[in-house]
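Asker: One structure, as C-alpha cells, below. Some questions next.
The values are calculated or read from the model by the stated rules, or taken from the named source; none is laboratory data. Bear in mind the structure is a predicted one, so any value in this text is a computation, not a measurement. Virtual Cβ from ideal backbone geometry, glycine too; neighbours counted across all protein chains shown. Just so you know, the surface numbers come from the protein's heavy atoms only, side chains and all, with ligands and any DNA or RNA stripped out. Shrake-Rupley method; radii C 1.70, N 1.55, O 1.52, S 1.80 Å.
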Amino acid sequence: DVELDFTLNFLDNPLNPTRGFLLSSGFSYINKREEGAFENFLKWEGAIKAAVNVRKALVVALYFRYADSQILDGEDLPEVERYRLGGIQGMRGFEDDGINPVDENGDPTDYFGGNVMLTGSLEMRFPILRRLGLWGVGFFDWGALAVHRSEFTPRSIRTSAGLGLRYLVGGQVPLRIDYGVNLDRRCRGVRTLQGCPSGQLEPAGTAQFAIMYPF
C-alpha cells in the first residue's frame, strides 16, 4: 500500500483554534486480498477548516471535506475501507455510522458506508464562563454518501443542527457534549402505501459526548 498526505496549517492553536485555516489532502493506493483474490483501488480526499475570532466574543469555525475513490480491480470497496458518516465525529444528531447512501426516494438504503463522501460543518462557539473554561456552541452539520459520484442528488444531502457545551481542560483541551437534531427524518425501511412502517423512522436526535472538537 502507498499513502501520501499533505497539510498546510495556519491555525493559531492545534487543540483550540480561534483563527486561521488548515488545508489537507491525502492519496492512497491499496492492494487488498479479499476472498482469495487481490483487489486494487485508489482513495483520495481534500479538506479545509477555518476559524474566525469575532471581537474575542465569538469563534466561527468552518469545515468542508470531499472524499472519493476509484476501483481498479474488483467490484466495490471492501466495507472496512468505505467512508462513514454519522455520529459525534461527523453529522451529529445521527447514530454513529448511521448515514447510508439513499435510494431514488431519498430514503437510506442498506448499503453500509459509501465510496464517495461530501460533508461540512459550521460551529459558532461563545464563552459562558470564560474564566472556568466553559463555552457554548451552536452548530449545523451536513453531509452525503454515495456508492458512485454520479448518484449524488440534492436528496442525498442530510442535515442536522443543535447546541452543545465545551469545557476547556487547562484552557486548551475541549471536553464536549452535543445534542443534534435530525432536520430531515427519513424512513430506514421499505415504505408501504401507508408510509414508513412503525419503528423504522430515524431518531429525532441524539446526545453525544467526546473529547476534542469534531474537526
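Asker: Given (1) surrounded by 16 or more Cβ atoms within 10 Å (Cβ to Cβ); (2) assigned to a helix (DSSP H, G or I), where does V80 come up short, assuming only one miss?
Answerer: The one condition V80 does not meet is (1).
Asker: Test V2 against the criterion of being open to solvent by less than 70 Å² (accessible area, probe 1.4 Å) and among the β-branched types (V, I, T), and give yes or no.
Answerer: Criteria not met by V2.
Asker: Would you be able to say whether some residue in the stretch 152-174 is open to solvent by 50 Å² or more (accessible area, probe 1.4 Å), of a type in the set (V, I, T) and touching a Pro at 6+ places or on another chain (Cβ under 8 Å)?
Answerer: no
Asker: Looking only at the stretch 112-140, which residues are at pLDDT 95 or above, open to solvent by 40 Å² or more (accessible area, probe 1.4 Å) and either closer than 29 Å to E81 by Cβ or within 12 Å of the chain's Cα centre (by Cα) (or both)?
Answerer: Hits for the stretch 112-140 are L118, L122, F140.
Asker: Could you go through the stretch 96-118 and let me know if any residue there is touching a helix residue (DSSP H, G or I) at 6+ places or on another chain (Cβ under 9 Å), more than 21 Å from V60 (Cα to Cα) and not in a loop (DSSP other than H, G, I, E, B).
Answerer: Yes, the stretch 96-118 has at least one match.
Asker: Another question, if that's okay. I'd like the full set of residues that are of a type outside the set (S, T, N, Q) and either touching a strand residue (DSSP E or B) at 6+ places or on another chain (Cβ under 8 Å) or at pLDDT 90 or above (or both), limited to the stretch 90-103.
Answerer: Listed by number, the residues that qualify are G90, M91, R92, G93, F94, E95, D96, D97, G98, I99, P101, V102.
Rundown of residues vs (1) of a type outside the set (V, I, T); (2) farther than 26 Å from T159 by Cα, yes/no style:
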site	(1), (2)
T7	no, yes
P17	yes, no
Y29	yes, yes
K32	yes, yes
K43	yes, no
G46	yes, no
V52	no, no
V59	no, no
Y63	yes, no
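Asker: Return a yes/no flag: does the stretch 57-64 have any residue that is modelled with pLDDT under 95, touching a Lys or Arg at 6+ places or on another chain (Cβ under 7 Å) and crowded, with 19+ Cβ neighbours inside 10 Å. Steps first, answer last, please.
Answerer: Step one: of the stretch 57-64, the residues modelled with pLDDT under 95 are 57.
Filter again for touching a Lys or Arg at 6+ places or on another chain (Cβ under 7 Å), leaving none.
The answer is no, given that none of the residues of the stretch 57-64 is modelled with pLDDT under 95, touching a Lys or Arg at 6+ places or on another chain (Cβ under 7 Å) and crowded, with 19+ Cβ neighbours inside 10 Å.
Asker: May I pose another question? Hey, among G87, G46, G106, G74, which residue is open to solvent by 20 Å² or more (accessible area, probe 1.4 Å) and either at pLDDT below 95 or more than 27 Å from F6 (Cβ to Cβ) (or both)?
Answerer: One residue alone meets the criteria, G74.
Asker: Anything in the stretch 175-197 that is over 17 Å from N105 (Cβ atoms), assigned to a strand (DSSP E or B) and open to solvent by 70 Å² or more (accessible area, probe 1.4 Å)? List them, or say none.
Answerer: Residues satisfying the conditions are I177, Y179.
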